[in-house]
Amino acid sequence: MTTISQIIRGMPATDGAGVELSRVIGQPALPMLDPFLLLDVFRSDKPDDYIAGFPPHPHRGFETVTYLLEGRMRHKDNAGHEGVIESGGIQWMTAGKGIVHSEMPEQQHGLLEGFQLWVNLPAKHKMTEPTYQEFSSEQLPVERREGNVEVSVITGTTSTGTQGPVNQPLTDPLYLDVKLPRGRTFVEPLNPEYNAFIYIIKGPLTVGDNGTRLDRDQLAVLNPGEELIVSSMDQDVRFIMIAGKPLNEPVERGGPFVMNSREEIDQAFADYRGGKF
Ligand code: CO
C-alpha cells in the first residue's frame with residue numbers, strides 16, 4: 001500500500017502580468033518532484049485576479065501542461081499556433097528548443113480554474129522541435145468504475161486499460177482526474193519507480209488503510225508503493241493523480257528556462273534576446 005511522504009499547500013504567487021495563483025510544486029517546501037518542476041493552481045471568479053493573463057514569454061527545455069477545469073484561455077505562439085482551451089480541455093506543450101507564447105483569459109467574468117504543470121525533458125531532448133498535444137473535454141476518455149467512480153484519463157494507461165490521448169514516452173506520465181461519490185474507494189496500482197502525487201480539488205478524503213485525511217487544496221506526495229487507495233467519506237470528492245518517471249539529471253532553472261547547466265541557461269537568454277526563438 002502506498003503511504004504519504006509529505007502533505008503541503010500552495011503558496012500565494014503572482015505570475016504573468018499579475019495573475020494570482022497558488023504555487024504548489026516549485027516552492028521552498030517542494031522545489032520539484034522529478035520530473036515535475038512546477039504545479040500552479042489558479043482558481044478565481046474575480047476578473048482582477050486573472051484578466052491580465054500571461055502576455056508573450058518564452059520557454060525552453062521542458063513541457064508546460066495546462067488543464068483547464070473551468071473557463072476559457074486563448075493560446076498563441078510565435079510559430080503561428082493559436083487556439084482556445086475550454087473547460088475540461090488539456091494542452092500539452094513541448095516547448096523543446098524554444099517557443100514564445102501568450103496565454104490570455106478568453107473571458108471577462110466568471111470562474112477561471114485550472115492547473116499548470118511543468119514536466120521536465122531529458123537532456124538529450126531539451127532542444128527538440130516544439131510540439132503540441134491538445135484535447136478537448138469530449139476527447140478525453142472517461143473510465144466508469146463500479147459505484148459511479150469516474151476517471152478521466154489525460155495521459156498514461158489505467159490498471160483497467162483506459163489510455164489517455166497524450167503521448168510522452170520520455171517521462172511516461174500518468175495524469176488522471178478522479179471523481180468519487182461519497183462512501184466509495186478508488187484503488188490504482190502505482191509504478192514503484194515513479195514519483196507520484198495527488199492534489200485535492202474537492203475534499204475531504206482519506207488515503208491508505210490508516211486513513212490519512214486530506215482536504216481541498218492539499219497536495220500529497222506518495223511514497224513509492226504498490227497501490228494508491230483513496231476513500232471518500234460523506235461527500236463527493238475530486239482529485240488529480242499524477243505520476244512520472246524521474247530523470248535524475250541536474251536541473252538548472254532560469255526564469256522560463258529549465259536546462260541542465262548554467263551555461264545552457266545563459267545561452268537560452270542570449271538566444272531569446274537575439275531573436276532566435
Ligand atoms: Co508559458
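Quick look at the numbers
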| item | result |
| --- | --- |
| Options V187, V119: the member that is modelled with pLDDT of 95 or more, of a type in the set (A, V, I, L, M, F, W, C), in a strand (DSSP E or B) and open to solvent by less than 20 Å² (accessible area, probe 1.4 Å) | V119 |
| Subset of segment 40-59 [away from the ligand (no atom under 11 Å from the Cβ), more than 17 Å from the chain's Cα centre (by Cα) and open to solvent by less than 80 Å² (accessible area, probe 1.4 Å)] | S44, P47, D49, Y50, I51, A52 |
| Conditions (1) at pLDDT 95 or above; (2) more than 16 Å from the ligand (Cβ to nearest atom); (3) among the β-branched types (V, I, T); number of the one not met by I25 | (2) |
| Those residues of segment 226-273 which are touching a residue at least 24 places away in the same chain (Cβ under 8 Å), of a type in the set (D, E) and assigned to a helix (DSSP H, G or I), in sequence order | E264, D271 |
| Cβ pairs under 9 Å, 6+ apart, first in segment 154-182 and farther than 21 Å from L68 by Cβ and of a type in the set (K, R), second open to solvent by less than 20 Å² (accessible area, probe 1.4 Å) and in a strand (DSSP E or B) | R182/S232; R182/V237 |
| Segment 1-31, subset in a loop (DSSP other than H, G, I, E, B) and farther than 19 Å from Y67 by Cα, residue least open to solvent (accessible area, probe 1.4 Å) | T2 |
| Verdict on K124 being part of a strand (DSSP E or B), surrounded by fewer than 17 Cβ atoms within 10 Å (Cβ to Cβ) and either modelled with pLDDT of 95 or more or among the aliphatic types (A, V, I, L, M) (or both) | no |
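The values are calculated or read from the model by the stated rules, or taken from the named source; none is laboratory data. All values derive from a computational prediction rather than experimental measurement. Positions of Cβ are generated from backbone atoms using ideal geometry, with glycine treated the same way; all protein chains shown enter the neighbour counts. Accessible surface is based on the protein model in full, side chains and every heavy atom, while ligands, DNA and RNA are left aside. Shrake-Rupley method; radii C 1.70, N 1.55, O 1.52, S 1.80 Å.
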